[in-house]
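The block underneath contains the structure these notes are about, expressed in structure tokens.
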Amino acid sequence: LLGLEPSVLYAEPEELDRHQQFLEQQDAFEAREVTFRRRDGSTFTGLLSGTMVRDDDGSVRYYDGAVTDITEQKTAEQALRGEQTALRQMYRITADQDASFESKTHRLIDLGRDYIGVSEGFLSRITEDTQEIVCALGTHPSLYPGETCPLSESYCRKAIEQEGLLAVHNAQAEDWDGDPAYERFEMETYIGAKVRVDGTLFGTFCFAAPEPRDTMFTERERTFVELMS
């Protein structure tokens, strides 16, 4: 990299001295994890490998190096760690014999909102053609305990009609515009699964947000909601 100040390579320029000290002590190295900065200012995690070329006095003349972008791998590792932590928390909540049903439900909803990254979470009960909110956390004015609405105007009507759960990551882009549920609740993000008691439909366990997601729900997120329900 000719004419490029080395410090601009790193996401944390203050770490330049530490990296340079390491490089100067090596004749060859591989798989050193570093966070780099691209020319456009974005960053990525890379594995740095290289070989030092020294002058006769032992000083570093230059080094040949290669960087492997492992951003996707690191992201996947972080997602796996997050999932494992959330599953452990879910188990502790459901195994707490001293906690009431309502307390467990609220704790599960809070855990789910944090794991999935949405503002709203609720447990509904469905009787005939009506949906009633049993437990809820969030700020939506129509999602609070005791609130009811016609089942025909809820997202949950579609969740109970299909075999698996219902997952919507961008309602407007997925042709929900004009749907009674979209008109009433204006949720761009929704994921919900059926709740059964002794084989009979009780209601739904759902998470939602007024903002769309950038990506579809992952298989891990879908499985997490199904386990909760």
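The values are calculated or read from the model by the stated rules, or taken from the named source; none is laboratory data. Remember, it's a predicted structure, so these values are computed and weren't measured experimentally. Methodologically, a virtual Cβ is constructed for each residue, glycine included, from the backbone with ideal geometry; neighbour enumeration extends over all protein chains shown. Accessible surface is based on the protein model in full, side chains and every heavy atom, while ligands, DNA and RNA are left aside. Shrake-Rupley method; radii C 1.70, N 1.55, O 1.52, S 1.80 Å.
A few comments on the model shown:
- Calculated accessible area for the chain comes out at 59 Å² per residue, all protein chains present (probe 1.4 Å; ligands, DNA, RNA ignored).
- Seen through its C-alpha gyration tensor, with square-root eigenvalues sorted a ≥ b ≥ c, the stretch 34-128 comes out prolate because a/c lies at 1.5 or above while a/b is bigger than b/c.
- GNM result for the chain, Cα springs below 10 Å: residue of Phe122, Phe205, Phe44 fluctuating most strongly: Phe44
- Between helix 219-228 and the chain: long-axis angle, C-alpha atoms, 0 to 90°, nearest 10: 40 degrees
- In this structure, Arg18 and Arg54 have a Cβ-Cβ separation that, at R0 = 22 Å, corresponds to a calculated FRET efficiency of about 0.60.
- Shape category assigned to the stretch 70-229 from the gyration tensor of Cα positions, a/c cut at 1.5: oblate
- Atom-type composition of the exposed protein surface of the chain places 45 percent of the accessible area on carbon and sulfur (1.4 angstrom probe).
- Residues of the stretch 185-216 with amide N under 17 Å of a point placed 7 Å along Cα→Cβ from Ser152: 185
- Ranking Asp69, Asp175 by solvent-accessible area of protein heavy atoms (1.4 Å probe, all protein chains present), from largest to smallest, gives Asp175, Asp69.
- q = 0.14, 0.19, 0.24 Å⁻¹: log10 I(q)/I(0) that the Debye formula gives for the stretch 94-136, counting C-alpha atoms only: -0.39, -0.64, -0.85
- Cα gyration tensor shape for the stretch 148-196, rounded if a/c is under 1.5, else prolate or oblate: oblate
- Exposure check, 1.4 Å probe, all protein chains in place: Ser229 carries approximately 40 Å² of accessible surface.
- Taking all protein chains as shown and a probe of 1.4 angstrom, Leu201 keeps an accessible surface of around 60 Å².
- Solvent-accessible ranking of His169, His19, largest area first, probe 1.4 Å: His169, His19
- FRET efficiency estimate (nearest 0.05) - Cβ-Cβ, Asp69 to Glu226, R0 25 angstrom: 0.15
- Dipole of the stretch 70-229, positive direction: furthest Cα of Gly117, Phe205, Thr105, with charges on the beta-carbon: Thr105
- Subtracting the Cα-Cα distance of Leu201 and Asp98 from their residue separation scaled by 0.36 nm leaves 34.4 nm.
- Remark: accessible surface ordering of Leu87, Leu227 (largest first) is Leu227, Leu87, probe radius 1.4 Å.
- MRE, 222 nm, helices only [DSSP H, n ≥ 4, -39500 (n - 2.57), over the chain, to nearest 500]: -9500 deg cm²/dmol
- Cα-based helix-to-principal-axis angle, 101-116 vs the chain, degrees rounded to 10: 40 degrees
- Computed accessible area, Met216, all protein chains, 1.4 angstrom probe, square angstrom: 140 Å²
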